[in-house]
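Comments concern the structure below.
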Amino acid sequence: MNSNSSIIICFIGGSGGHFIAAIVEFLLYGKHQLPQDTGSYHKLSVAKQYPGCPLPMTNTPESFAAEYEEIKKLPDYPIIIGHYRNLALLQSLGKKVIYITFGDHHRKEIRRRVRQKVNLPKIKDITQEQYNMLKGSSWPSFDEFKSGAKVEELDEEFVLLKNKDECLDWIFVVPPIDPNICRIDFDEILSGYSFIDRLAKFLDVREFDKTELIALIDNYRKKQ
């Protein structure tokens with residue numbers, strides 16, 4: 001698969017992006033893997049997550065600029081998983097985009113899942129890339145922060161914004177015409193199988209073992 005047909009799965013942490021990646025691997029490569037004990041699919045055969053940054057939880061120009069630079073540097077890879085919001089940019093680069101939407105009533109469950117499944121990076125180990133993804137316009141530079149400058153907005157222990165519900169700030173930048181974009185709602189992650197055929201059609205997969213795929217989905221849901 002060349003870079004022009006790369007698949008990008010975009011989602012806020014905790015909403016099931018790795019799970020969808022596992023389904024994509026099944027449809028395209030016949031992979032049937034079991035989720036980890038936490039219920040996560042963070043170890044997949046084909047899909048890779050880029051970059052190793054925390055969620056871009058702010059809507060500042062700095063955050064979107066940092067995300068823009070990360071997207072422009074994406075490697076050529078068949079399936080990429082990422083916490084990306086700028087679907088319009090990804091589409092303009094020729095990517096096939098799958099993204100997961102959610103509503104206010106999903107926020108509590110998404111927050112529970114991300115804390116259950118993710119080993120959040122410690123603030124003492126924060127990288128410049130991670131810092132820039134969260135950085136506000138009035139923050140000190142990364143070098144100043146590492147030299148002791150205080151940032152009241154940052155959590156004292158983890159690479160997170162303090163007392164912030166990341167779901168409230170999350171927005172997708174969706175292009176007006178989206179032939180290469182497939183939307184999945186978080187309700188479909190929680191129950192039902194209607195998205196299977198839609199996803200298979202988007203990936204141009206005509207034949208697959210639907211019974212086996214449903215078993216994969218059921219197993220995932222039981223571990224949440």
Can you give the net charge of the other residues whose Cβ lies under 15 Å from the Cβ of LEU89, counting K and R as +1 and D and E as -1?
-> +1
Here the gain from full extension of GLU129 to ARG115, 0.36 nm per residue of separation minus their alpha-carbon distance, amounts to 2.9 nm
Percent of Cα-Cα pairs per 10 Å bin, from 0 to the last occupied bin, for the chain, please list those.
-> 7, 33, 36, 19, 5, 1
Excluding residues fewer than 8 positions from LYS122 in its own chain, the aspartates and glutamates with Cα under 14 Å of it are ASP155, GLU156, GLU157
Apply 1/(1 + (r/R0)^6) to the Cβ-Cβ distance of SER138 and ASP104, taking R0 = 25 Å, and write down the FRET efficiency to the nearest 0.05.
-> 0.30
Net charge of neighbours whose Cβ lies under 14 Å from the Cβ of ARG115, counting Lys and Arg as +1 and Asp and Glu as -1 = +2
Between ASP185 and LYS146, what is the FRET efficiency for a Förster distance of 45 Å, r being their Cβ-Cβ separation, to the nearest 0.05?
-> 0.65
Compute the signed sum of charges (Lys and Arg +1, Asp and Glu -1) over the other residues within less than 10 Å, Cβ to Cβ, of VAL173.
-> 0
Pull up the cross-link candidates among the lysines for LYS222, meaning alpha carbon to alpha carbon under 24 Å and not fewer than 8 places away within one chain.
-> LYS31, LYS43, LYS108, LYS117, LYS210
Do me a favour and compute the ellipsoid semi-axes for segment 89-180 from its Cα gyration tensor, root of five times each eigenvalue, largest one first, whole Å.
-> 29, 19, 12
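Where a number appears in this text, it was derived from the coordinates with a stated rule and is not lab data. Since we're looking at a predicted model, the values are computed, not measured. Cβ coordinates were reconstructed from backbone atoms using ideal geometry, including for glycine residues, and neighbour counts include every protein chain displayed.
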